[in-house]
1. Identify, from the list Arg256, Arg261, Arg283, Arg308, the residue that is open to solvent by 10 Å² or more (accessible area, probe 1.4 Å), farther than 25 Å from Gly408 by Cβ, basic (Lys, Arg) and under 14 Å from the mean Cα position of the chain (by Cα).
2. Which condition from (1) basic (Lys, Arg); (2) within 30 Å of Ile340 (Cα to Cα); (3) modelled with pLDDT under 95 is the one that Arg69 breaks?
3. Could you say whether any residue in segment 120-142 is at pLDDT 95 or above, at positive phi, in a loop (DSSP other than H, G, I, E, B) and surrounded by 15 or more Cβ atoms within 10 Å (Cβ to Cβ)?
4. If you check every pair at least six apart or on different chains, which have Cβ atoms under 9 Å apart with a residue in segment 333-355 that is closer than 19 Å to Ala14 by Cα first and a residue that is surrounded by fewer than 16 Cβ atoms within 10 Å (Cβ to Cβ) and modelled with pLDDT of 90 or more second?
5. When you go through Pro157, Pro186 one by one, which is the residue that is in contact with a strand residue (DSSP E or B) (Cβ under 7 Å, 6 or more places away or on another chain), in a loop (DSSP other than H, G, I, E, B) and open to solvent by 10 Å² or more (accessible area, probe 1.4 Å)?
6. Could you tell me how many of the residues in segment 398-420 are in a loop (DSSP other than H, G, I, E, B) and either of a type in the set (A, V, I, L, M) or at pLDDT 95 or above (or both)?
7. If I ask for residues that are without any contact (Cβ under 8 Å) to a residue 12 or more places away in the chain and either within 15 Å of Val165 (Cβ to Cβ) or aliphatic (A, V, I, L, M) (or both), which ones from segment 10-54 would you list?
8. Does Leu255 meet the test of being more than 30 Å from Leu388 (Cβ to Cβ) and modelled with pLDDT of 95 or more?
Amino acid sequence: MDALVIKNANAMPAPTWSWLKMNDTKIAVPAGLERDCQVTIEAAKDLYEQHASFEGAVEELQGRVDAARGDAADDRAIIRAAQGADAGAADLDTPALSAYERRTALSQAAGDISADFETGVGRDARAYLNFLAGGTAVLATQPGDEVEARVNVAAAPGASSSASVDIVAAPDSTFNLAISLDAACPAGQQAFAGSTLRVFAGARSHVNVTVYLTCGEGVTCVDDSGFVLDEDARVNVRHVVLGGAFTATGLAADLRGDRSRIDISTSYLGAGEDVRDFNYIVRHRGKKTECNLDANGVLTGTSKKILRGTIDLMHGAKGAQGNERETVLLANKGVDNKTIPMILCDEDDVAGNHGATIGHVRPEQLFYMGCRGLSEQQAEALFISAKLEDAALTAPTDEMRDAVVRLGRALVPDFEEEIA
C-alpha cells in the first residue's frame with residue numbers, strides 16, 4: 001500500500017491556534033503496509049442481534065428533539081446573519097460572522113443530530129479506519145441490561161489493522177467496553193493499528209469505555225471515537241496511551257440530552273522520540289449537562305505531546321458546566337509539551353473552567369537521587385515505571401496487563417519484578 005497522509009486530523013473546531021500551527025496534525029501512514037486486520041471481539045451473542053443501530057437511535061432521539069422544539073423559529077441576530085436574511089441591509093444588530101461562527105449558527109438552527117455528529121480525529125481518519133476494518137460491528141443492549149465486551153486490535157510487522165465498532169446502549173442499561181490497541185514491532189519495522197468507535201448512550205444509561213494503547217516502537221496508532229448522549233446518560237472514558245512511535249487520540253461528544261454527563265480520564269507516557277497527539281471536543285447542547293476532562297502524563301527523552309481540549313457551551317445549554325485539567329511531568333529537558341485548553345460560550349448561566357499544571361524535575365531533586373546512587377537515566381526510569389505500574393495494576397483484562405508488562409520490559413530493566 002502506498003504512503004498515505006491524513007491531513008487536518010485531530011483538529012480543533014475553532015481555528016484559534018492556526019497561526020501557531022497547533023490547530024491540527026497530520027497522520028502519516030507508513031508505505032508498504034499490507035492490510036491484515038487482526039481483530040477479535042469478545043461479546044455475548046445477543047449483543048449482535050440487529051434490534052438496534054446507531055442511525056436508528058439517533059433518528060429516534062431526533063424525533064423527540066424536534067417535537068420539543070416545535071415550530072418556534074430562532075430569530076436571533078446571529079441566525080439571521082448566518083442565513084443571509086439581512087444581507088445588504090443597514091441593520092446594526094446583525095453581526096459579521098467568521099466562517100466558524102456561520103457554520104455553528106446554521107447547525108444550531110437546523111438541530112440535525114446526524115449532521116452534527118463528529119469524531120475526535122476527524123472524518124478522513126474515520127473513513128480510512130473504516131476502510132481498513134472492512135465493516136462495522138454493532139453491539140446493542142436491551143433496556144435494563146448490564147453487559148461487557150472486549151475489542152482487541154493487533155497488527156503484525158509490515159501490516160495495517162483496524163476495528164470499527166458501534167455501541168448502542170438502550171435506556172437504563174449499562175455497557176462496559178474495553179479496547180486494546182497492541183502491536184509489537186522489532187526495531188526497524190513499521191505497522192499501523194487503529195480503531196473507530198461510535199457510541200449512542202440512551203436515556204439514563206451508563207457507558208464505560210477503557211482504551212489501552214500499548215504498541216511498540218515503529219507503530220502508528222489512531223484511536224478515534226464519537227459519542228451522542230441522551231437525557232441523564234452517563235459516560236466514562238479512560239484513555240491509557242503508553243506506547244507507539246506516533247499516537248493520535250481523538251474524542252468528540254454531543255451532550256444532546258438534558259442532564260447528560262461525560263467524564264474523560266487520560267493517562268499518557270511519552271518516552272524516547274514518541275509523539276503523542278490528543279484532541280477532545282465536548283459540545284454542551286442539553287440543559288444542565290456536565291463534562292470533566294482530566295489528563296495526567298509523563299514525558300521523557302525527546303518525546304513530544306500536544307493536547308487540545310475544547311469545551312463548547314452552546315446556545316440553549318443553560319446550567320451546563322465544563323471542566324478541563326491537565327498535570328504533566330517533564331522528566332527531561334529535551335521534551336516538547338503543548339497544552340491548548342479552549343472554552344467556547346454562547347449561553348449565560350453556564351460555567352467553564354480550565355487549568356494546567358506543568359512540572360519539571362528540579363536539579364536539586366536529581367542531585368538528591370544522585371546522592372542515593374541513581375544516575376539521571378535511572379531517575380527517568382523511575383518516573384516511567386510509576387506510570388506503567390499504575391496502568392498494569394488497573395488494567396481491565398489480563399491481556400492488557402501483559403501488554404503493559406511487555407512494553408515496560410522494553411523501557412525499564414526488570415520491570416515485571418517491580419509489580420510482581
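1. When all the criteria are applied, what remains is Arg283.
2. Condition (2) is where Arg69 drops out.
3. yes
4. Filtered contacts from segment 333-355: Ile343/Asn353.
5. Of Pro157, Pro186, the one residue that is in contact with a strand residue (DSSP E or B) (Cβ under 7 Å, 6 or more places away or on another chain), in a loop (DSSP other than H, G, I, E, B) and open to solvent by 10 Å² or more (accessible area, probe 1.4 Å) is Pro157.
6. Residues in segment 398-420 being in a loop (DSSP other than H, G, I, E, B) and either of a type in the set (A, V, I, L, M) or at pLDDT 95 or above (or both): 2 in total.
7. Scanning segment 10-54 gives a single hit, Leu20.
8. It is true that Leu255 is more than 30 Å from Leu388 (Cβ to Cβ) and modelled with pLDDT of 95 or more.
The values are calculated or read from the model by the stated rules, or taken from the named source; none is laboratory data. Not measured: the values here are computed from a predicted model. Here Cβ is always computed from backbone atoms with ideal geometry, including for glycine, and neighbour counts include all displayed protein chains. Keep in mind that these areas ignore ligands, DNA and RNA; they rest on the heavy atoms of the full protein, side chains included. Shrake-Rupley method; radii C 1.70, N 1.55, O 1.52, S 1.80 Å.
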